[in-house]
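Just so it is clear, none of the values below were taken in a lab; they were calculated from the coordinates. These numbers were taken from a predicted model, which means no experiment stands behind them. Because the Cβ atoms are built from the backbone with ideal geometry, glycine has one as well, and the counts that use them run over all protein chains shown.
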């Protein structure tokens, strides 16, 4: 089959590799029809994530058609499914509590050591995201092997286009969980740092959960425009002072809940940690801790902090005093995608959530290296690239 | 007999004497290399005991074990991988057991890697069963010993931890998780 493979910094290629096979009873093989490039894929592209090996197949946002099933899979050939980026078994203690991203068994045994070393306990496996999270082949390919196919993939009802449901795989549930973690009460004002895909879905989710006002913060004008479309007020931090503006816009109180969706592109959760800590933390670290620091300082007394943004290492200059003295609550974590998929699929069907607005480019899988470059070089205009293995090569089609 | 004053298991003691005493107290303990690892598995302890008690099952999750032949209800023959494509072998005997609760074993005289240990199964309410493996072994001497020692001393505690994780995966999900995507890769992974 053809697959987008990683070979080093800014070097991804479409190679011909072996077709995946059923290896375990609960496996299924999916023929990919749509797969997106995630912001976090850019961290692989930039060479920030350790334990990548040349030839690794990328991609953790994908969907397609079931073409083969293991004896214990509950899927049937021909079904269209969206696959969660988290690999969860469905039968361990954490899965029983719907904490799918904390699954004990999705990550192969030998790969769990590093998680134990870094965080005390290993996390679940992920598709196409280095060998720290399992080393699973991703979905930017013609086919993919999906373990625990009886638990993860959700069957797409007739009449829905790929583009409408593809983001159930990651960024929509991640934005939803971000809003849920903010414990929004009716009438609340919610501030969202970062208008990437997760931030924009968090904006929509916050309104659905009863927020009266959402204030979106970014510096990309196009992304702020998108937030505005969903009813958010905006702050461009290059033009206005964020904390001061938030205080004025909330009558001197501060937002009831704050959502840091800035570092979110690094689903990898270990960027700061494993690689050269000093060098990277001064560059990546400052920028990213800046948003959570600002969010905590701006948040009203007794308010809630939600952090879908990904942090990997040990940070300093964390405003622990403000956090304690104001009596804030923090909720965070990788997304338990499986938990949210059914309800969010319904929300899409009922038209409560718009997903397709995000897609700026659709292109052939063969053109994926070009897609990576475009996404990397222009984050204002390029909001989401969706790869279609069925498209003819070099048939880049702008959405508008 | 030295002991700590706290409630932590002796396998985690900082004092080497405490660990040595714990090793010696194990049924027919050989040597002073002690490993203790615990995992919680979301299955009833009877199921876990039954699977483990059939020693022929163990290679399905113990990466280093090629096969275990059952010689009698209490005696087994172990074939274990060693570096450079070699194997080491020994006979072992179940020295004590209680249905659904624990199994103790020890290698027979003359084993390449003298070893003994216990595996215990304790109820953990709605979380299933707490499984603790405690293993004592003697790193062998000589040239062959060096090769074998290299194998066994290469973080044997990590090996035990990984084996227990695979046991958990098999018991909870019915399969051992792998990131391979072709049968050939899976084969290479297991080699």
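Please report, in Å, the Rg and the Dmax of segment B:35-190, where both are computed over Cα atoms only.
Cα only, segment B:35-190: 15.7, 49 Å (Rg, Dmax).
Which residue, B:100, B:110, B:128, tops the fluctuation ranking in a GNM of chain B built on C-alpha contacts under 10 Å?
The residue that fluctuates most here is B:110.
Report the paramagnetic label zone for residue B:158: residues of segment A:105-138 whose backbone N is under 17 Å from a point 7 Å from Cα along the Cα-to-Cβ axis.
Residues passing the 17 Å test: A:108-123, A:131-135.
Which of the peptides B:130-137, A:106-113 is most tightly packed, and how do the rest follow, judged by the mean count of other Cβ atoms within 10 Å per residue?
Descending packing order for the listed peptides: A:106-113, B:130-137.
Would you mind giving the mean number of other chain beta-carbons within 10 Å of the Cβ of each residue in A:108-120, as a whole number?
Mean partner-chain Cβ count within 10 Å for A:108-120: 4.
Take the Cβ-Cβ distance between residue A:155 and residue A:392 as r, set R0 to 30 Å, and report the resulting FRET efficiency rounded to the nearest 0.05.
0.60
Could I have the simple spin-label model distance between residue B:87 and residue B:130, label points 7 Å from Cα toward Cβ, reported in nm to one decimal?
In this crude spin-label approximation the distance works out to 3.7 nm.
Just to confirm my numbers, what's the Cα centroid distance between segment A:117-156 and segment A:184-232 in Å?
Comparing the Cα centres of segment A:117-156 and segment A:184-232, I get a distance of 29 Å.
Just to check, using Stokes-Einstein with a Kirkwood Rh over alpha carbon pairs, what's the diffusion coefficient of segment A:64-197 at 4 °C and 1.567 mPa s in µm²/s?
Answer, rounded: 78 µm²/s.
Which Rg and Dmax, in Å, describe the Cα atoms of segment A:43-91?
Reported Rg and Dmax, both Å: 14.7, 40.
Any chance you could run the full-extension gain for residue A:233 through residue A:208? It's 0.36 nm times the residue separation minus the Cα-Cα distance, nm to one decimal.
Here the answer is 7.4 nm.
Please find the FRET efficiency linking residue A:346 to residue B:7, where r is the Cβ-Cβ separation and R0 is fixed at 41 Å, and quote it to the nearest 0.05.
Rounded to the nearest 0.05, the efficiency is 0.25.
Take peptide B:114-126, look around each residue's Cβ out to 10 angstrom, count Cβ atoms belonging to other protein chains, and average those counts.
Taking all residues of B:114-126 together, the mean is 0.
Compute the distance in nm between two label points, each set 7 Å from the Cα along the Cα-to-Cβ direction, one at residue B:46 and one at residue A:380.
6.9 nm
Return an integer: the convex hull volume of the alpha-carbon atoms of the protein assembly as shown, in Å³ per residue.
170 Å³
Please list log₁₀ I(q)/I(0) at q = 0.12, 0.14, 0.19 Å⁻¹ for segment A:158-219, using the Debye equation with identical point scatterers on the alpha-carbon positions.
-0.30, -0.40, -0.66
Report, in whole Å, the centroid distance computed from the Cα atoms of segment A:340-400 and segment A:33-82.
Taking the Cα centre of segment A:33-82 as reference, the centre of segment A:340-400 is 15 Å away.
Which value in nm describes the separation of the simple spin-label points at residue B:188 and residue A:241, placed 7 Å from the Cα toward the beta carbon?
Label at residue B:188, label at residue A:241, 5.9 nm between them.
What FRET efficiency do you get for residue B:24 and residue A:318 if R0 is 30 Å and r is their Cβ-Cβ distance, rounded to the nearest 0.05?
The calculated FRET efficiency here is 0.05.
Taking every residue in A:79-92, how many Cβ atoms of other protein chains lie within 10 Å of its Cβ, on average?
Shielding by partners across A:79-92 averages 2.
For the ranges A:46-57, A:216-227, what's the packing order if you count other beta-carbon atoms within 10 Å of each residue, average per peptide, and put the highest first?
Result, highest mean first: A:216-227, A:46-57.
Determine the calculated [θ] at 222 nm for the protein assembly as shown from helices alone, applying -39500 (n - 2.57) to every DSSP H run no shorter than 4 residues and normalising by the residue count; nearest 500 deg cm²/dmol.
-8000 deg cm²/dmol
Hey, quick one: spin label on residue A:76, modelled 7 Å out along Cα-Cβ, who in segment A:147-167 has an amide N within reach, i.e. under 19 Å?
The answer is A:149-160.
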